[in-house]
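Chemist: The structure is given below, and queries will be raised subsequently.
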Amino acid sequence: MGVDFYLACADCKDFIELHKWQVIEEAGHYLIHSHYEPGQFMGQRLRDDSLYRLKDLDTLCKKILVTVDQIEESLHGEVPDHPYIRELTPIVWLFVSEHRGHELFLSCDLGDPSDDPWYPGRPGFAEWRELPGVFLFHRYLPRNVVEVDGFRSWTEAFDQLREEWPFAYCDTYAAEIATIKSAFEQLLTKYES
């Protein structure tokens, strides 16, 4: 199964789903290892040895800060030859060109997804948008529903997204859906005024 990674801009609240690609391999390893207690396994990379600054170590959604220069250096190096990475590479190039000078971070799906900054109900979750790319697993985000998919009605949005998380599990995620609906309506009001 492996670990899924995200590249995000904390300033613009945009992120890309990278699937298994770390973009900066060493940073990805430190991010993974930061989810474990130091000395938990042999060969573990220690947080204090990281050239990259780790953030939110007290949460289950740890982040590792990266720069545009570090990402560009990695993209100029040996990029894994997988079809989805070949598709993602120009998207990552565009992302870094648009977010130069911003606070960028890698995060991953280790830990609890409810600690992700874009999880429904987290403070500021409605500000986040997953940029369309090879993968688009967070279509529920209000900015995605309005800005990317162009929905102007909750009924229409819900009908189109009902097979996706969290809408496909209405009983289990009723609170998350209510939070998404409220944020969608607030965002729509903002766009219409």
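Chemist: Lys/Arg Cβ at +1, Asp/Glu Cβ at -1, dipole of the stretch 139-192 taken about the Cα centre: which of W154, T172, Q186 is farthest positive-ward?
Modeler: Result: Q186, furthest along the dipole toward the positive end.
Chemist: Which order do the peptides 18-26, 151-159, 185-193 take when ranked by the mean count of other beta-carbon atoms within 10 Å per residue, highest first? Can you show the working numbers first?
Modeler: Details: 18-26: 19.2, 151-159: 14.4, 185-193: 11.1.
By packing density, highest mean first, the sequence is 18-26, 151-159, 185-193.
Chemist: How far apart, in nm, are two points set 7 Å out from the Cα along the Cα-to-Cβ line at E73 and at E37?
Modeler: So the label points at E73 and E37 sit 3.4 nm apart.
Chemist: Once fully extended, how much extra length lies between T89 and Q44, figured as 0.36 nm per residue of separation less the alpha-carbon to alpha-carbon distance?
Modeler: Roughly 13.3 nm would be gained on extension.
Chemist: Then there's this: Let me know the Rg and Dmax you get for the stretch 5-115 when you use only its Cα atoms, in Å.
Modeler: 13.7, 39
Chemist: Another question, if that's okay. Straight-line reach only, C-alpha to C-alpha below 19 angstrom: list the lysines that K190 could link to, leaving out same-chain residues fewer than 8 apart.
Modeler: Cross-link targets: K13, K181.
Chemist: Let me ask something additional. Any idea what the relative contact order of the stretch 5-115 is, in percent, if you count C-alpha pairs under 8 Å spaced at least 6 apart?
Modeler: Normalised by residue count, the contact order of the stretch 5-115 is 38 percent.
Chemist: Under the definition of Cα pairs under 8 Å and six or more residues apart, what whole-number percent is the relative contact order of the chain?
Modeler: Computed value for the chain: 22 percent relative contact order.
Chemist: Treat the stretch 61-193 as a sphere of radius equal to its Kirkwood radius over Cα pairs and apply Stokes-Einstein at 25 °C in a medium of 0.890 mPa s; give the translational diffusion coefficient in µm²/s, rounded to a whole number.
Modeler: Numbers: Rh = 16.6 Å.
It comes out at roughly 148 µm²/s.
Chemist: Another question, if that's okay. What is the distance in Å between the Cα centres of the stretch 63-104 and the stretch 130-193?
Modeler: 27 Å
Chemist: While we're here: Quickly estimate the mean residue ellipticity at 222 nm for the chain, helices only: each DSSP H run with n ≥ 4 gives -39500 (n - 2.57), and the total goes over all residues, rounded to 500.
Modeler: On the way: 5 runs with 61 residues, N = 193.
Computed mean residue ellipticity for the chain: -10000 deg cm²/dmol.
Each reported figure results from applying straightforward, stated rules to the coordinates on display, with no laboratory input. Keep in mind the model is a prediction, meaning the values are calculated, not measured. Methodologically, a virtual Cβ is constructed for each residue, glycine included, from the backbone with ideal geometry; neighbour enumeration extends over all protein chains shown.
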